[in-house]
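The values are calculated or read from the model by the stated rules, or taken from the named source; none is laboratory data. All figures in this text were calculated on a predicted structure; none of them were measured in a lab. Heads up, the Cβs are rebuilt from the backbone with ideal geometry, glycines too, and the neighbour counts pull from every protein chain shown.
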Amino acid sequence: MRQTSEGSDRIVPHGTLTKYYGSDSERSRYLRDLFDQGSVHYDAINELLSFGTGLRYRKDALKRSGLSEGMRVLDVATGTGGVARAAAKVTGERGGVVGLDPSIGMLIESRRRSPSPATQAFGEALPFRDAAFNFISMGYALRHLPDLLAAFSEYLRVLQPGGRVLILEITPPRRRLAYWMLRIYMNNIIPFLVHMGTHSGAARTMMEYYWDTTANCVPPDTILSAMTRAGFVDVKRTMTLGIFSEYSGARP
């Protein structure tokens, strides 16, 4: 069951998950510690989740949303840099990609895989000047934001007029059978395989948390509404393979 929490000034992506932390105020610290501990295994986990097609899909999604050669990109919640590396292949030498993540462990792993600059910070408080980027991307991390409206407002601020945003996320299917198949895969099979392959409790917990936040995330209409309220135009959602959501929009 998905939980929606939407008020006049704040939109949270899901309710408090007391299985992992006691209160909403503890969420950011819990996540930073969890991803610091599991960061060394994160790329291998992504390959398992995407069956090795992650880079190609991210690159195609970025191009579908308007990314092109020469653009300056900010990749929010960059993790180990999967989306950032895909973006760099599109922007080429004339462009530039900057990563941002609150987890120092993730940034260290990203640095090992790419020379692109990266900054430790939160998506709802970007340490960049206004209109600094042509394009903003965020891959599979919307569920970790403390406030969608605050984050989207920041994304709008640092985009140039006409600049675009792309948010990649997983959305559980509506059909009951498909939903339960995905749940078994992501909540049981993947955590088991990750634990067997890494012997890391943190890596397994990351995958269990991945499913719980996915299953409890606000519905797509709430996300699109938050983007519109933040000031984005041409807001839309594109679906791929029935579970991959691509939320996109532009700064006027």
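Assorted remarks:
- Residue match in the range 151-172 (condition: in contact with a strand residue (DSSP E or B) (Cβ under 6 Å, 6 or more places away or on another chain), at pLDDT 95 or above and exposed (fewer than 15 other Cβ atoms within 10 Å of the Cβ)): no
- Qualifying residue in the range 79-91 (condition: at positive phi, modelled with pLDDT of 95 or more and part of a loop (DSSP other than H, G, I, E, B)): no
- Residue match in the range 64-73 (condition: of a type outside the set (D, E, K, R) and without any contact (Cβ under 8 Å) to a residue 40 or more places away in the chain): yes
Table: residues versus (1) surrounded by fewer than 16 Cβ atoms within 10 Å (Cβ to Cβ); (2) assigned to a helix (DSSP H, G or I); (3) of a type outside the set (S, T, N, Q).
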site	(1), (2), (3)
Trp180	yes, yes, yes
Ile184	yes, yes, yes
Asn187	no, yes, no
Gly197	yes, yes, yes
Tyr209	no, yes, yes
Thr228	yes, yes, no
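- Residue pairs meeting the criteria (Cβ under 6 Å; at least 6 apart or on separate chains; first within 16 Å of Asp43 (Cβ to Cβ), in the range 92-111; second aromatic (Phe, Trp, Tyr) and assigned to a helix (DSSP H, G or I)): Ser103/Phe35; Met106/Phe35
- Filter result for the condition that a residue is modelled with pLDDT of 95 or more, out of contact with any Cys (no Cβ under 7 Å at 6 or more places or on another chain) and either under 19 Å from Ala150 (Cβ atoms) or not charged (D, E, K, R) (or both), over Leu55, Leu126, Leu49, Leu34: Leu126
- Filtered residues of the range 92-106 (kept if within 13 Å of the chain's Cα centre (by Cα) and assigned to a loop (DSSP other than H, G, I, E, B)): Pro102
- Applying the criterion of being of a type in the set (Gly, Ala, Ser) and not in a helix (DSSP H, G or I) to the residues of the range 136-150, the residue that is surrounded by the fewest Cβ atoms within 10 Å (Cβ to Cβ) is Ala141.
- Checked across the range 196-215, the condition of being of a type outside the set (Lys, Arg), in contact (Cβ under 8 Å) with a residue 12 or more places away in the chain and in contact with a strand residue (DSSP E or B) (Cβ under 7 Å, 6 or more places away or on another chain) holds for at least one residue.
- Subset of the range 232-246 that is more than 16 Å from the chain's Cα centre (by Cα) and crowded, with 17+ Cβ neighbours inside 10 Å - its residue that is nearest to Ala178 (Cα to Cα): Val235
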